[in-house]
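Here is the structure we will look at.
The values are calculated or read from the model by the stated rules, or taken from the named source; none is laboratory data. What you see is a predicted model, and the numbers here were worked out from it, not measured in a lab. All Cβ positions, even for glycine, are placed from backbone atoms using ideal geometry, and neighbour counts span all protein chains on display. With ligands, DNA and RNA removed, areas are computed over all heavy atoms of the protein, side chains included. Shrake-Rupley method; radii C 1.70, N 1.55, O 1.52, S 1.80 Å.
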Amino acid sequence: METTLTAVAEQALRKGTRAGLEALLKATLRLTGATGAALYEGRACVMKVGRPPAHHDATKKPGARNAALHIWPAPLTTSQRHVVARFNAFAPALLKAHAREVAQGERQARLLEAKLRLERTVVTLEKRRSRAAHDLRTPLMVIRGYVDMMLKGTAGPLNAQMQRYLERLAKSGTEQKELIDRRLSPLAPGLDDLRPVLERAFAPTPGRRRGPPLLTLPAQQPVSVKGARADWELLTRTVARSTANAVAVDVHLGPAPDASQWQLRVQACPGTPLPPRTESVLRHLAGRLGGTLAVQREPRLEITVRCPRDEVFAVPAHR
């Protein structure tokens with residue numbers, strides 16, 4: 001019997017709990033000689049095999065809620081009752097696993113449906129983005145064209161005040177075009193927050209005598225940057241390994257002098273050598289991320305990375 005239960009458990013593990021339930025009922029029929037068997041969870045029949053009597057209704061029998069396994073005809077011999085009792089003790093665990101499997105399947109179905117809805121939403125939004133960009137650029141280009149013509153004197157001579165107004169209008173048109181290109185450009189995958197990546201890369205290593213790196217990170221706002229997460233993780237791990245032997249490491253992340261960028265500065269004291277190959281890798285990664293890399297070796301090693309902010313959805317400040 002124990003061998004049979006082990007085989008049922010393996011069947012459930014390999015092919016799913018429903019296959020395990022069916023194997024349990026078939027094993028019950030084989031060991032008891034019954035013509036039919038059913039598994040009940042409360043008053044609900046989960047599975048039935050064989051040929052139960054047409055007039056039989058286990059849900060109406062007293063105590064049906066306390067037993068999961070029923071066979072027909074009812075067990076008469078001690079051996080049959082022992083098999084039913086042993087399988088009854090095993091069936092609840094299998095039924096619980098089956099319930100979890102069903103719930104997981106329903107959850108996966110809901111997630112798949114939500115994923116499909118999101119994909120349709122993204123396609124719709126992308127079409128709207130493209131149309132909005134086109135509708136905004138078209139009149140703007142016409143305005144800029146007429147302004148350029150007037151500045152060249154096509155419409156007649158201009159006095160100083162008219163020249164000044166048209167130059168301001170041309171500047172505003174250029175800024176508006178750049179804003180449209182930036183806000184309505186196709187979305188590229190970026191990193192929503194660089195801080196957790198830095199915290200993992202510079203986490204203290206067990207067994208080292210030196211203290212943990214000093215991390216100075218913005219506390220109030222997420223640091224959204226352009227570029228793939230994998231590239232950022234590789235860059236930060238490479239910098240962390242390059243400064244691993246330093247006595248003190250200071251990591252500072254904050255706004256760059258250019259308001260459109262973030263600046264990551266890593267200082268190692270005393271100065272540690274930075275192999276040319278490592279510097280080349282860091283420069284390549286910084287370039288892929290749309291940023292720049294600066295390395296200072298004396299009086300201490302200082303690695304500075306400036307990278308563009310990811311402000312696709314940010315509201316621009318009025319000047």
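Do we find a residue being open to solvent by less than 50 Å² (accessible area, probe 1.4 Å) and touching a residue at least 60 places away in the same chain (Cβ under 8 Å) anywhere in segment 205-224?
yes
Evaluate the following for R81: is it in contact with a Pro (Cβ under 7 Å, 6 or more places away or on another chain) and either on the phi > 0 side of the Ramachandran plot or not acidic (D, E) (or both)?
Judged against the criteria, R81 is a match.
Report yes if Q176 is touching a Leu at 6+ places or on another chain (Cβ under 8 Å) and either modelled with pLDDT of 85 or more or polar (S, T, N, Q) (or both), otherwise no.
Yes.
One line per residue, one yes/no per condition, for (1) within 29 Å of the chain's Cα centre (by Cα); (2) closer than 19 Å to D181 by Cβ; (3) open to solvent by 90 Å² or more (accessible area, probe 1.4 Å):
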{"position": "L125", "(1), (2), (3)": "yes, yes, yes"}
{"position": "A132", "(1), (2), (3)": "yes, yes, no"}
{"position": "V142", "(1), (2), (3)": "no, yes, no"}
{"position": "G145", "(1), (2), (3)": "no, yes, no"}
{"position": "M150", "(1), (2), (3)": "no, no, no"}
{"position": "P157", "(1), (2), (3)": "no, no, yes"}
{"position": "A160", "(1), (2), (3)": "no, no, no"}
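If you take the residues in segment 164-173 that are surrounded by 12 or more Cβ atoms within 10 Å (Cβ to Cβ) and not aromatic (F, W, Y), which one is farthest from S260 (Cα to Cα)? Don't jump to the end; show me each part of the working.
Pass one, segment 164-173, residues surrounded by 12 or more Cβ atoms within 10 Å (Cβ to Cβ): 165-167, 169-170, 172-173.
Among the residues that remain, those that are also not aromatic (F, W, Y) are: 166-167, 169-170, 172-173.
Values: L166: 28, E167: 25, L169: 24, A170: 23, S172: 19, G173: 20 Å.
For segment 164-173, the residue satisfying everything is L166.
Are any of the residues in segment 203-212 of a type in the set (A, V, I, L, M) and at pLDDT below 90? If you could, list the steps in order and put the result at the bottom.
Within segment 203-212, the subset of a type in the set (A, V, I, L, M) is 203.
From what is left, the residues that are at pLDDT below 90 are 203.
Within segment 203-212 (the criterion being of a type in the set (A, V, I, L, M) and at pLDDT below 90), the answer is yes, since at least one residue qualifies.
Is at least one residue of segment 86-93 at pLDDT below 80, exposed (fewer than 14 other Cβ atoms within 10 Å of the Cβ), under 28 Å from G16 (Cα atoms) and not aromatic (F, W, Y)?
Checked segment 86-93: no residue is at pLDDT below 80, exposed (fewer than 14 other Cβ atoms within 10 Å of the Cβ), under 28 Å from G16 (Cα atoms) and not aromatic (F, W, Y).
Return the residue satisfying two criteria in turn: it lies in segment 3-26 and is open to solvent by 90 Å² or more (accessible area, probe 1.4 Å) and over 39 Å from the mean Cα position of the chain (by Cα), and of such residues it is farthest from K96 (Cα to Cα).
Looking at the filtered set, the residue picked out is T3.
Mind checking which residues of segment 262-285 are touching a Ser or Thr at 6+ places or on another chain (Cβ under 8 Å), hydrophobic (A, V, I, L, M, F, W, C) and open to solvent by less than 30 Å² (accessible area, probe 1.4 Å)?
L264, V266, A268, L274, L282, L285
Looking at segment 227-277, which of its residues are under 16 Å from V197 (Cα atoms) and of a type in the set (K, R)?
Correct list: R229, R237, R241, R265.
For segment 94-107, give me the residue count where each residue is out of contact with any strand residue (DSSP E or B) (no Cβ under 8 Å at 6 or more places or on another chain), open to solvent by less than 80 Å² (accessible area, probe 1.4 Å) and not aliphatic (A, V, I, L, M).
1
Looking at (1) in a helix (DSSP H, G or I); (2) open to solvent by 70 Å² or more (accessible area, probe 1.4 Å); (3) under 30 Å from E302 (Cβ atoms), can you tell me which one V239 breaks?
(2)
Out of the residues in segment 179-202 meeting the condition of being open to solvent by 70 Å² or more (accessible area, probe 1.4 Å) and part of a loop (DSSP other than H, G, I, E, B), tell me which one is modelled with the highest pLDDT.
D192
Conditions first: (1) farther than 25 Å from S79 by Cα; (2) at pLDDT 85 or above; (3) open to solvent by 20 Å² or more (accessible area, probe 1.4 Å); (4) not polar (S, T, N, Q). A54 passes all but one, so which condition is the exception?
Of everything listed in (1) farther than 25 Å from S79 by Cα; (2) at pLDDT 85 or above; (3) open to solvent by 20 Å² or more (accessible area, probe 1.4 Å); (4) not polar (S, T, N, Q), A54 misses just condition (2).
When you check A268 against the structure, is it part of a loop (DSSP other than H, G, I, E, B) and in contact (Cβ under 8 Å) with a residue 12 or more places away in the chain, yes or no?
no
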